Amino acid sequence: MISKRHLAMASVSAVAFSTLAFAPGFAAAQTAAAAEEPTGIETVIVTARKREESSQDVPASLTTVRGDALTTLTSGGADMNAFSGRVPSLVVESSFGRTFPRFYLRGLGNSDFDLNASQPVSLIYDEVVFENPVLKGFPVFDVERIEVLRGPQGTLFGRNTPAGIVKFDSVKPNGKSGGYLKGGFRSFGGRDAEGALGGALSDTVSFRVSALLTGQDDWITNTGPLAEKNLGGFDDRAIRGQLRIQPSDQLDILLNAHARKLEGTSQIFRANVITKGKRGLNSNFVADRVSYDQGEGNNQELESKGLTARIAYDFGNVTLTSVTGYETLSFYGRGDIDGGVAGVGPGFIPFSSDTADGVDDHKQVTQELRLSSNGDGALSWQVGAYVFQEELSIFSLGFFSPTGIFTDARQKQDTDSWALFGSLTYKPSDRLALTAGLRYSDDSKDLVARGGIANIAPVRKSVSDEAVSWDLSATYEATESVNVYARAARGYRAPSIQGRILFGTAVTTAKSEFVTSFEAGVKAFALDRKIRADFNVFAMNIEDQQFTAIGGAGNFNQLLNAKEGKASGFEAELQWLPTQNLSFAGSLSYNKTEINDPALTVGACGAPCTIQNPLVGGNAKIDGNPFPNAPEWIANVSAKYSKPFGNGHEFFALTDWAYKGETYFTLYKSIEFSEDGYWEGGLRTGVTLFDNKYEIAAYGRNITNEERLVGGIDFNNLTGFTNAPRIWGVEAKVNF
């Protein structure tokens, strides 16, 4: 296990490396070579500011995932959780399995498990926000790159982005004929197939169709009364079709239709796999075995569909862009929440808990219209307007609870949001760029909740607010290889409503959350672009931080605001290309988070856990605690070696390792509902043949078979859920 001392030494080394090795005098010697980019690390083009530019020129902490790294992380039927810890300051977890991933950046996130939960990290797929948490699990296939932007992104990307965004850009039609087919097999009866085909239909029309089929057999044996209901299997299918119409040099129309269907298993909850007074898994945990008498196999079903139309017209000096999006979904997931058999075990389980959650109606419509300047002049700008509307009906069912009564709770929520935004960049010299952005947002939510254990008559709640988000930044090109930047930004998360009354009586609200962030960093190349390094430091202040108090003896799920939250730290990334056949990459981030609210308390766990906070009337004081699911340290290292062996053939081998530090899962601190830091590693090796026309590979994920907690349920017994098991697989790919 890596120690804090070693991580601290590494962070000091990163700072020293960034400030000394990339000092202007040193980097100046690399100017000519860097300008030509002969054989070094390539420049990455991103759209982090809604226009194409080098990632070096973006005045913000930014990571891209693409190429070999993206292929590696999505191996083995991986879902969004595979990206956790693989990017600085990023954590992804889920209590729903392959759906409903919860994202955390720089410690900011939301552990709420209700299906109308808002998150401070926004997921953008092909320029359309996926707001509902179930949509956020859409599979990653035929994707050109992923961009992770840390810090408030409210000016250009709008509501609910105070922590940052995770942006996916699929491969677009380009008029060239080609595509690929890929298939493979892996552990637990896993199978994967993926492909894409694109080309021209005429001189002005091109297309691309992509599809993914991934599945797995049931591999977890149920030894309980529902012995025929084994678990762990799934079939996940997704498709995307794109049509691009370019009738002239000025007009570009891109139409995108996409859909997903998932039939599988919800999260596997495991009773009493934690021992009171100890951290980590005990001998009750057996990866391929559970004992369930409820949940009907923890089945899960999801269908989603969406349409996007992006229309851009180039008037010469300016371009007008319209992005229209429509998303809809239906979802059902059920689980044996207590993780065992009441009165039987494993361990003491006081009562059974069998619940389900679902979406029976959902519609999301978004419209963005923006006007952007063209050219490379000293002044560039963009202005726009944005509209978001969502209709959502969700239900929660209690098949078995302490009362023994079937319980049905319903929520209907309507959300309306609109905004005006603008951004201006001025270059007083060739080396200096100054940017200012402003956005006005108006948000409202209306919710009706009814039913539940108390059979509550319809309760209506409404929240609304208007706010201004802004950012100011400066980028200075110290040399042609070194950029330094500074950024200040203010982000905003709209007010929230929580009406989960399945076992409660309260409809709770949280007022708007505001984040003020300051950041400074350096982005540099050196040694004829054989080295690239990014380093930044940041500090954030969160006013009225939104949290969700979950679980406890009352099995609650309630919104609250902390008076203040603070977060500070650094992020460092390094790439090294010593030869054309050998490359290394690594990243390290440190996030110190703290809740500042001496008066704030939350319900403590109903399970027999060891609370590490002062108790007031049975509630835990959480002042000074870290944010939930916010490890201080995240690290990632990888290496790749390749060796040509004639006739366009090449052998390759790569490995990647990620570290997630000590993590508390709840607002209160307890020994049991937390986990020590640990590493997970992967391997991939194979050959490419005939100039990359064919590829045959073998791979492994979590190759040391680390078995660790990633979350828990604290109201009944010491229930936990864990990371994915070790997987081995083989696959073959043909490019055409």
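Checking the a/c ratio against 1.5 first, then a/b against b/c, what shape does the Cα gyration tensor give for the stretch 52-123? Spell out each step's value before the answer.
On the way: a/c = 2.45, a/b = 1.31, b/c = 1.87.
Oblate shape, in that a/c is at least 1.5 and b/c is the bigger or equal ratio.
Taking 0.36 nm per residue of sequence separation and subtracting the Cα-Cα distance, how much length would be gained by fully extending the chain between Glu301 and Ala474, in nm to one decimal?
Computed gain between Glu301 and Ala474 is 57.5 nm.
Considering only protein heavy atoms and a 1.4 Å probe, what is the carbon-and-sulfur percentage of the accessible area of the chain? Please report the intermediate quantities before stating the final value.
On the way: 15710 of 27710 Å².
That share works out to 57 percent.
Once you have the Cα-Cα distance between Trp381 and Gln580, take 0.36 nm times their residue separation minus that, and quote the gain in nm to one decimal. Show your work: numbers first, answer last.
Details: separation 199, 0.36 × 199 = 71.64 nm, distance 3.92 nm.
Gain on extension, Trp381 to Gln580, equals 67.7 nm.
If a paramagnetic tag sat 7 Å from the Cα of Asp676 along the Cα-Cβ line, which residues of the stretch 586-615 would have the backbone N under 19 Å from that point?
610
Report the calculated FRET efficiency for Glu543 and His649 (r = Cβ-Cβ distance, R0 = 56 Å), to the nearest 0.05. Present the calculation step by step, with values, prior to reporting the outcome.
On the way: r = 59 Å, r/R0 = 1.05.
Given R0 = 56 Å and the Cβ-Cβ separation, E is 0.45.
How much accessible area per residue does the chain have, counting only protein heavy atoms and a probe of 1.4 Å, in square angstrom? Don't jump to the answer; show the numbers that get you there.
Details: 27710 Å² over 736 residues.
Ligands and nucleic acids excluded, the figure is 38 Å² per residue.
Which FRET efficiency, nearest 0.05, do Asp408 and Phe351 yield, Cβ-Cβ r, R0 25 Å?
On the way: r = 19 Å, r/R0 = 0.76.
For Asp408 and Phe351, the calculated efficiency is 0.85.
Could you check the spin-label model distance between Thr223 and Asp314? Points 7 Å from the Cα along Cα→Cβ, value in nm.
My value for the distance between the label points is 6.7 nm.
Which FRET efficiency value, to the nearest 0.05, do you get for Ser177 and Phe690 by plugging their Cβ-Cβ distance into 1/(1 + (r/R0)^6) with R0 = 25 Å?
Details: r = 18 Å, r/R0 = 0.72.
After rounding to 0.05, the efficiency reads 0.90.
With angles folded into 0 to 90 degrees, how steeply does helix 4-16 sit against the dominant principal axis of the chain? Use alpha carbons for both and round to 10.
20
Assuming a ≥ b ≥ c are the square roots of the Cα gyration tensor eigenvalues, decide whether the chain counts as rounded (a/c under 1.5), prolate (otherwise, with a/b larger than b/c) or oblate. Don't jump to the answer; show the numbers that get you there.
Working: a/c = 1.43, a/b = 1.33, b/c = 1.08.
It comes out rounded by the Cα gyration axes.
With θ set to phi - 60° and the Karplus curve 6.51 cos²θ - 1.76 cosθ + 1.60, what are the ³J(HN,Hα) couplings of the stretch 232-244 in order, to the nearest whole Hz, using x for Gly and Pro?
Couplings: x, x, 6, 10, 10, 10, 8, 9, 9, x, 10, 10, 10 Hz.
If I take every Cα pair under 8 Å that is 6 or more residues apart in the stretch 344-409, average their sequence separation and divide by the length, what percent do I get for the relative contact order?
Working: 100 pairs, mean separation 26.3, N = 66.
Averaging sequence separation for qualifying contacts and normalising by length gives 40 percent for the stretch 344-409.
Report the relative contact order of the stretch 696-736, percent, no decimals, based on alpha-carbon pairs under 8 angstrom and at least 6 residues apart.
Numbers: 55 pairs, mean separation 21.0, N = 41.
Across the stretch 696-736, relative contact order equals 51 percent.
Enumerate the calculated ³J(HN,Hα) couplings along the stretch 106-119 in order (Karplus 6.51 cos²θ - 1.76 cosθ + 1.60, θ = phi - 60°), each rounded to whole Hz, writing x wherever the residue is Gly or Pro.
Each residue's phi maps through the Karplus curve to give 6, x, 8, x, 8, 8, 4, 9, 7, 7, 10, 5, 9, 10 Hz.
Once both labels are modelled 7 Å past Cα along the beta-carbon direction, what's the Leu432-Ser373 spacing in nm?
1.7
Under the 0.36 nm per residue contour assumption, what length would be gained going from the current alpha-carbon distance of Ala193 and Glu263 to full extension?
Details: separation 70, 0.36 × 70 = 25.20 nm, distance 1.64 nm.
Length difference between fully extended and current span is 23.6 nm.
At a Cα cut-off below 16 Å, give the lysines reachable from Lys305, other chains included and same-chain residues fewer than 8 away excluded.
Straight-line reach from Lys305, under 16 Å: Lys136, Lys261, Lys363.
Compute the distance from the alpha-carbon center of the stretch 115-149 to that of the stretch 680-731, in whole Å.
Cα centres, the stretch 115-149 to the stretch 680-731: 22 Å.
How would the stretch 405-456 be classified by its alpha-carbon gyration tensor: rounded, prolate or oblate, with rounded meaning a/c under 1.5 and the a/b versus b/c comparison settling the rest? Mind dumping the intermediate values first?
On the way: a/c = 9.16, a/b = 4.22, b/c = 2.17.
The shape class here is prolate.
Hey, how many Å between the Cα centroid of the stretch 40-107 and the Cα centroid of the stretch 238-291?
Between the Cα centre of the stretch 40-107 and that of the stretch 238-291, the gap is 15 Å.
Suppose a student asked you for the relative contact order of the chain, using Cα pairs under 8 Å spaced at least 6 residues apart; what percent would you report?
Details: 2239 pairs, mean separation 90.9, N = 736.
Rounded, it is 12 percent for the chain.
The values are calculated or read from the model by the stated rules, or taken from the named source; none is laboratory data. Everything numeric in this text was worked out from a predicted model, so none of it was measured. A quick note on method: Cβ atoms are made from the backbone with ideal geometry, for glycine too, and the neighbour counts reach across all protein chains shown. In case anyone asks, the SASA skips ligands and DNA or RNA and just uses the protein heavy atoms, side chains included. Shrake-Rupley method; radii C 1.70, N 1.55, O 1.52, S 1.80 Å.
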